[in-house]
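FYI, it's all coordinate maths here, none of it is from the lab. Note that the coordinates shown come from a computational prediction; the quantities given were computed from them, not determined experimentally. Here Cβ is always computed from backbone atoms with ideal geometry, including for glycine, and neighbour counts include all displayed protein chains.
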Amino acid sequence: MPRQREDTSRCEKAVTENAKRSHPRHGVDHVAPITRPMLAWFLYMIDRVGEDGLDRTVLDCGAGGSTPPLAHFAERGYECHGIDISEEQVQRAAAYAEERGYDLALRVGDMRDLPYEDASFSYVYELESMCHLTKADTGKAIAEMTRVLKPGGLLFAHFMSTDFWPLTGSEGAPGEFAGLECGEPVIHSYFEDDEVASYFEAHDVVWKEKRFTYLPLRTRTTTLERWKAWYDPKSTRFPTEADWLAAYEERERYCYAAWEVIAQRT
Ligand SMILES: C[S@@+](CC[C@H](N)C(=O)[O-])C[C@H]1O[C@@H](n2cnc3c(N)ncnc32)[C@H](O)[C@@H]1O
């Protein structure tokens, strides 16, 4: 284990040094690690579609946690605001920012009822946060995010697709699955393609992308023992243990499927 930790830190240092060379930093010496491909996509897209007549004000909805994505925006010279419903998550993000010198205006609050004036930000995004809302609440959150966007501003949103596999947990309304994450009850909402489109009828959609990420390594390394341990007796799609064990044979279907949408406020 110590060996592994040493290798990881060497690799992180190399990434940090390369990133410092390729992107101007704004008052911070640290380089926030890109923790997920989705985050890399966000940053790539914001460079590609952003700017035209927009100032660098950004709001992250669901901004908490120990590696806050807002750090990347601070490095790029944005005025950064973030809101999260969990005080603990806000504290984690604030501690990260303080230790590394990022200026992030973080507060506790709910993306379904944002405590900001209309037309406050040029960019509003959420990253794997709105997926914890019901579908009705997703509509409320998108309306709120749109309200606080300046005209012409860009909304970046992420939706998990019903093509995700396996869909675990207990399904209440269609596509809304209740389950546990780190021992805490959470919802995950999964959307049909036309449901995603229906949230953006009043926007100009600038870009949309549906990505299937297959996980062959996970398929190969998931033993039957581990698979058995993940059996959830409350699962709707795999109601019996026999159904779950049969799904083990299909595990090459392991897939993270999600939509990313960039929509402009008209
Ligand atoms: C999986 S974490 C993602 C955190 C961060 N966006 C990231 O990508 O690292 C989901 C976050 O959404 C927050 N969240 C869930 N429901 C929310 C709501 N209604 N309003 C604001 N934040 C919410 C959770 O507290 C949690 O911090």
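For VAL206, the residues whose amide H sits under 5 Å from its own are ILE262, ALA263, GLN264, ignoring neighbours fewer than 5 places away on the same chain, with H placed 1.01 Å from N.
Using θ = phi - 60° in the Karplus curve 6.51 cos²θ - 1.76 cosθ + 1.60, the 3J(HN,Hα) couplings for the range 96-103 round to 4, 5, 5, 4, 10, x, 8, 9 Hz; x is entered for Gly and Pro. Diagonalising the gyration tensor over the Cα atoms of the range 24-264 and scaling each eigenvalue by 5 before taking the square root yields semi-axes of 33, 20, 17 Å, largest first. Our coupling estimate for the range 185-197, obtained by passing each phi through the Karplus curve with A = 6.51, B = -1.76, C = 1.60 and θ = phi - 60°, is x, 9, 9, 10, 9, 10, 10, 6, 4, 6, 5, 4, 4 Hz, Gly and Pro reported as x. Compute the angle between helix 2-22 and the longest alpha-carbon principal axis of the chain, please, reported from 0 to 90 degrees and rounded to the nearest 10. That helix lies at roughly 40 degrees to the long axis.
If you plug the beta carbon distance of VAL28 and ALA136 into 1/(1 + (r/R0)^6) with R0 = 41 Å, you get a FRET efficiency near 0.55. Of the GluC sites (Glu not before Pro) in the range 128-219, the ones in a loop by DSSP (not H, G, I, E or B) with at most 12 other beta carbons within 10 Å are GLU201. So how tilted is helix 135-147 from the main axis of the chain? Cα-based, degrees 0 to 90, rounded to 10. The helix 135-147 is inclined about 10 degrees to the chain. Near LYS150, the amide H atoms lying under 5 Å from its own belong to SER120, PHE121, SER122; only residues 5 or more places off or on other chains count, and H is placed 1.01 Å from N.
The helix-based estimate of mean residue ellipticity at 222 nm for the chain, built from -39,500 (n - 2.57) per DSSP H run of four or more residues and divided by its residue count, is -10500 deg cm²/dmol to the nearest 500. The Cα center of the range 202-260 and the Cα center of the range 128-150 differ in position by 25 Å. A cut-off of 5 Å between modelled amide H atoms, ignoring neighbours fewer than 5 places along the same chain, links ALA257 with SER161, PHE164, TRP165, THR213. Once the Cα atoms are used to define both axes, helix 37-49 deviates from the longest principal axis of the chain by about 40 degrees.
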